[in-house]
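> Just passing along the structure, written as structure tokens.
The values are calculated or read from the model by the stated rules, or taken from the named source; none is laboratory data. What you see is a predicted model; the values in this text were computed from it and never measured. Please note: Cβ atoms are built from the backbone with ideal geometry, for glycine as well, and neighbour counts cover all protein chains shown.
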Amino acid sequence: MKIKNFCFNKIYQGNCLERMKMFPAKSIDLIFADPPYNLQLEKVLKRPDQSKVNGVKENWDKFNNFQDYDNFTKNWLNEARRILKDDGTIWVIGTYHNIFRIGKILQDLNFWILNDIIWVKTNPMPNFRGTRFSNAHETLIWCSKNKKSKYTFNYNLMKSLNDDLQMRSDWIFPICNGSERLKHRGKKVHPTQKPEALITRIILSVTNPGDIILDPFFGTGTIGAVSKKYNRKYIGIENEKKYIKFAEKRIKSIEPIKNVKFIKTIEKKQQKRIPFGRLIEFNLIQPGDILHDLKKKWHAKVRVDGSIITENFKGSIHSVAANLQNLPSCNGWTFWYKYEKKDSISIDVLREKIRSELERF
Ligand SMILES: C[S@@+](CC[C@H](N)C(=O)[O-])C[C@H]1O[C@@H](n2cnc3c(N)ncnc32)[C@H](O)[C@@H]1O
């Protein structure tokens with residue numbers, strides 16, 4: 001049965017395939033899925049001191065064969081595609097056991113792969129038998145619904161988080177442990193609880209406050225916890241009641257960041273246009289000031305109307321920069337610097353000063 005509305009900030013108990021069928025088409029901004037790995041563990045694995053290794057041996061991770069797993073994957077991904085907004089994205093995380101099969105199925109269903117991210121674990125489990133390399137990473141596949149989707153990517157937020165360097169596709173985080181790891185009577189509640197740091201980067205990179213995030217394999221609710229903190233709406237689906245109980249308690253204890261102003265980011269392309277002339281009005285540049293490029297090869301003087309002038313060319317900060325270098329176009333904001341008493345300052349930095357001044361209103 002299809003229902004018109006669904007509730008946000010709620011965990012639905014049941015099989016995600018059946019549950020997703022009840023959700024309206026094109027209603028979700030982000031789907032994050034951490035599906036069963038199909039680990040196919042056969043023997044009990046022991047450490048050198050003979051203690052047992054807690055792998056994923058739960059029934060939810062058991063499939064008869066690859067065909068069975070592929071059918072399961074096709075079915076839930078098909079439904080995920082139906083309920084994803086046209087400009088929404090999907091992330092799927094997995095290991096070598098399942099991620100290549102999932103990648104093929106994603107492409108077969110016409111999802112468009114934007115990146116694969118490698119989550120490098122700082123504290124992976126050793127390969128106790130010494131028969132293989134220690135398996136120290138998981139792979140995340142990030143897809144838009146179509147090649148032409150206008151998906152959200154908070155490029156500048158990511159760059160800023162990374163000390164002004166473009167964020168790369170190799171992400172280094174420890175596995176979930178310490179006080180973050182949910183425990184009951186000394187035992188882990190869930191074998192594969194994901195770290196909040198990893199989920200935080202995903203949520204901040206591809207969603208905005210108020211967006212709707214679905215996790216069809218909710219487990220201990222890591223997506224719910226981070227969504228609540230950063231003012232996103234979550235919907236969780238989880239088969240096992242025992243995990244839902246812990247997830248609900250966990251999410252209840254999370255305090256959302258109250259002042260949305262601090263978590264709202266405006267990407268460069270959405271920012272208000274500030275003409276160069278505003279720098280004169282704000283007294284940050286004077287008519288007659290000399291601008292120069294980074295290497296001080298070229299110079300131009302500022303005119304009162306916001307244009308700049310060289311010996312033989314007058315125009316905007318962009319057209320003069322392009323003319324000097326014999327280029328069809330050039331971004332004058334990142335090209336020009338103004339002499340200051342000690343050092344020079346980029347006019348882009350001066351523009352940012354005006355932006356933050358104006359944003360206070
Ligand atoms: C790999 S775990 C996800 C862990 C989660 N990301 C976390 O941080 O706790 C997969 C979860 O999916 C659930 N699950 C497996 N098959 C399911 C299905 N068909 N529908 C809903 N939940 C399912 C399992 O019970 C398990 O909790």
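> Test residue 78 against the stated conditions and say whether it is at pLDDT below 95 and within 16 Å of the ligand (Cβ to nearest atom).
no
> What single numbered condition from (1) closer than 24 Å to residue 341 by Cβ; (2) modelled with pLDDT under 95 fails to hold for residue 273?
So the condition that residue 273 fails would be (1).
Listed here are the residues, each with its yes/no results for (1) surrounded by 14 or more Cβ atoms within 10 Å (Cβ to Cβ); (2) over 17 Å from residue 230 (Cα atoms); (3) not assigned by TED's automatic domain parsing to the domain that holds residue 107.
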| site | (1), (2), (3) |
| --- | --- |
| 137 | yes, yes, no |
| 145 | yes, yes, no |
| 148 | no, yes, no |
| 152 | yes, no, no |
| 165 | no, yes, no |
| 168 | no, yes, no |
| 181 | yes, yes, no |
| 192 | yes, yes, no |
| 200 | yes, no, no |
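> Kindly indicate whether residue 160 is of a type in the set (Ser, Thr, Tyr), surrounded by fewer than 18 Cβ atoms within 10 Å (Cβ to Cβ), more than 9 Å from the ligand (Cβ to nearest atom) and farther than 24 Å from residue 125 by Cβ.
Here the answer is yes, as residue 160 does meet what is asked.
> To continue, here is another question. Being modelled with pLDDT under 95, assigned to a loop (DSSP other than H, G, I, E, B) and more than 14 Å from the ligand (Cβ to nearest atom), is that true of even one residue in segment 189-196?
no
> For the list (1) under 19 Å from residue 26 (Cβ atoms); (2) among the aromatic types (Phe, Trp, Tyr); (3) within 16 Å of the chain's Cα centre (by Cα), I need the number of the one condition that residue 76 fails.
Against the list (1) under 19 Å from residue 26 (Cβ atoms); (2) among the aromatic types (Phe, Trp, Tyr); (3) within 16 Å of the chain's Cα centre (by Cα), residue 76 comes up short only on (3).
> Looking only at segment 13-33, count how many residues are in a loop (DSSP other than H, G, I, E, B) and within 14 Å of the ligand (Cβ to nearest atom).
Adding up the residues that qualify gives 4.
> Could you check how many residues of segment 119-135 are surrounded by fewer than 16 Cβ atoms within 10 Å (Cβ to Cβ) and within 22 Å of the chain's Cα centre (by Cα)?
2
> Can residue 78 be described as assigned to a loop (DSSP other than H, G, I, E, B) and assigned by TED's automatic domain parsing to the domain that holds residue 25?
no
> Residues of segment 93-134 being in a loop (DSSP other than H, G, I, E, B) and of a type in the set (Phe, Trp, Tyr), which ones?
Answer for segment 93-134, where residues must be in a loop (DSSP other than H, G, I, E, B) and of a type in the set (Phe, Trp, Tyr): 96, 111, 128, 133.
> Keeping to segment 20-34, report how many residues are surrounded by 21 or more Cβ atoms within 10 Å (Cβ to Cβ) and more than 14 Å from residue 233 (Cβ to Cβ).
Residues meeting the conditions: 3.
> While we're on this one: In the list 96, 151, which residue meets the criterion of being within 16 Å of the ligand (Cβ to nearest atom) and either in contact (Cβ under 8 Å) with a residue 40 or more places away in the chain or among the hydroxyl-bearing types (Ser, Thr, Tyr) (or both)?
Just a single option satisfies the conditions, and that option is 96.
> Hey, does segment 253-262 have a residue that's within 16 Å of the ligand (Cβ to nearest atom), out of contact with any helix residue (DSSP H, G or I) (no Cβ under 8 Å at 6 or more places or on another chain) and not in a strand (DSSP E or B)?
yes
> Of everything in segment 232-277, what is surrounded by 18 or more Cβ atoms within 10 Å (Cβ to Cβ), outside the structural domain of residue 319 (by TED's automatic domain parsing) and closer than 30 Å to residue 353 by Cα? Give them in sequence order.
Listed by number, the list holds a single entry, 232.
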